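Throughout, read-outs are computed from the coordinates displayed, never taken from laboratory work. Everything numeric in this text was worked out from a predicted model, so none of it was measured. FYI the Cβ positions are ideal-geometry reconstructions off the backbone, even for glycines, and counts take in every protein chain you see.
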Amino acid sequence: AKKQGGGAFSFFSEELRRELEHRKLLEHDMRIAIAEKSFQVYFQPQVSLTTGAIAGIEALVRWKHETRGMIPPGEFIPVAEKSGLMADIGRVVIAKAIRAAGEWHRAGLQFGRLAVNVSGTELREVDFDAFLFDTLEAEGLPPQKLSLEIVESVILDDEKTGIAAKLRHIRSAGVHLELDDFGTGYASLSHVNPNEIDRLKIDRRFVQNINSNGDNTKIVRAITELARGLGISIIAEGAETEAELTSLKSIGCDQVQGYSIAFPMPTEQAQEWLALRSPKKPQLTVVTGNRA
Ligand code: C2E
Ligand code: MG
Ligand code: MG
Ligand code: MG
């Protein structure tokens, strides 16, 4: 038994050693990618099921590693957070996303709001709000065209770190705030407050198989009714099938994002997607007439 224990222990250390090694390599390459600003941004549209209008478009970081290929955010963001690199990566992403949205805005493309994900470490940087306002100004994007997606734990963590005050400042300029992955965190209902939050984003785990999973149907219906009662917008993330869209529509969860609508796309492709759906003025008149 002792021998086995020893064996298990050295196996564990080997695993741990390899993981630390992997992390060090990733961290090293991440610093280079930050310096070269080589992180890319993909965009995934959000639409209204009843009107078909584009409600927004979410910016999602992509890292194409020279030798490893595409590394998903789920793999490198935790390392970036631990290494203190997430704030720098976030700024590359936010600047690129706002630059693209500024161009779309000037071109008259309709995209609703640009939604960017912001983590607690990014928000804790003293000059995060200044950085955000400077970037909006430089790229010519009105604050009303931007939304920040934050997870529930960030809202909780707020008073001592000054995040709450910063978020209020940002929101008072017209930027929207939303709770991402809603239903999976620890937000108390006191944070689901229309004076603090503009939209709830229902986590994918409740949206998946909503058509056949009765519990998910009930959860999404309850969250939708809560939001409607409070006057907060609602969106479902990760809708993959037509059946899921049909269920969401019947529940009255109007806005959706997911593979069933569009995959996250590189900037140019996202721009084409928007351009194809941007109503040209004569067309708009006809559509409005038909709808009435
Ligand atoms: P999230 O903000 O909840 O983003 C939604 C994730 O679901 C994205 O994964 C998206 O590609 C994926 N997704 C969208 N539609 C579907 C669908 O129909 N089915 C399935 N299975 N997945 C779908 P992604 O791009 O891998 O990002 C993962 C997470 O990494 C994000 O979750 C967000 O928490 C974080 N993240 C991504 N980009 C950034 C960023 O620029 N800054 C920060 N701070 N976090 C980011
Ligand atoms: Mg998000
Ligand atoms: Mg989410
Ligand atoms: Mg999620």
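Points worth noting:
- Computed magnitude of the charge dipole of segment 1-125 (debye, nearest 20; Cβ of K, R +1, Cβ of D, E -1): 60 debye
- Taking every C-alpha pair closer than 8 Å and separated by at least 6 residues, the mean separation divided by the residue count of segment 162-243 gives a relative contact order of 29 percent.
- Value of relative contact order over the chain, rounded to a whole percent, pairs C-alpha under 8 Å and six or more apart: 17 percent
- Three-way shape label, segment 207-270, alpha-carbon gyration tensor, a/c 1.5: oblate
- Taking a span of 27 Å or more along the helix axis (Cα atoms) and a mean Kyte-Doolittle hydropathy of at least -1.0 as the rule, the DSSP H helices of the chain that qualify are 2-35, 86-107.
- Amide H partners (placed H, <5 Å) of M265, local residues excluded: F43, Q44
- The Cα atoms of segment 97-206 give a gyration tensor whose axes a ≥ b ≥ c have a/c of 1.5 or more with a/b no greater than b/c, which makes the shape oblate.
- Cα centre as origin, Lys/Arg/Asp/Glu Cβ charges: the chain dipole, Debye: 400 debye
- Sites D134 and N211 - FRET efficiency at Förster radius 35 Å, r taken between beta-carbons, to 0.05: 0.20
- Couplings 3J(HN,Hα) of segment 39-45, computed from phi: 5, 9, 10, 9, 10, 10, x Hz, in residue order, whole Hz [Karplus 6.51 cos²θ - 1.76 cosθ + 1.60, θ = phi - 60°; x for Gly and Pro].
- Neighbour-count order for S119, S250, fewest beta carbons within 10 angstrom listed first: S250, S119
- A Gaussian network model of the chain, with springs between Cα atoms under 10 Å, assigns the largest mean-square fluctuation among L114, L16, L248 to L16.
- Cut-off under 5 Å, modelled amide H: who pairs with R62 long-range: Q40, V41, Y42
- Prolate/oblate/rounded label for the chain (Cα gyration tensor, a/c 1.5): prolate
- Chain lengthening between Q110 and Y259 when straightened (0.36 nm per residue, less Cα-Cα): 51.6 nm
- Residue among T121, T67, T135 with the largest mean-square fluctuation in a Gaussian network model of the chain, springs linking Cα atoms under 10 Å: T67
- Taking amide H positions as modeled 1.01 Å from N, with prolines and chain starts lacking one, the residues under 5 Å from N117 and 5 or more places away or on another chain are A59, E149.
- Considering only A262, A173, S13, and ranking their Cα positions along the charge dipole of the chain that arises from unit charges at the beta-carbon of Lys, Arg, Asp and Glu, the one farthest toward the positive end is A262.
- Loop-resident sites, segment 181-282, for GluC sites (Glu not before Pro), counting at most 14 other Cβ within 10 Å (DSSP): none
- Packing-based exposure ordering (other Cβ within 10 Å, fewest first) of E21, E75, E178: E21, E75, E178
- One chain, two ends: R99 and L189. Fully extended at 0.36 nm per residue, the span grows by 28.9 nm beyond their Cα-Cα distance.
- Top of I34, I170, I94 by mean-square fluctuation, Gaussian network on the chain, Cα under 10 Å: I34
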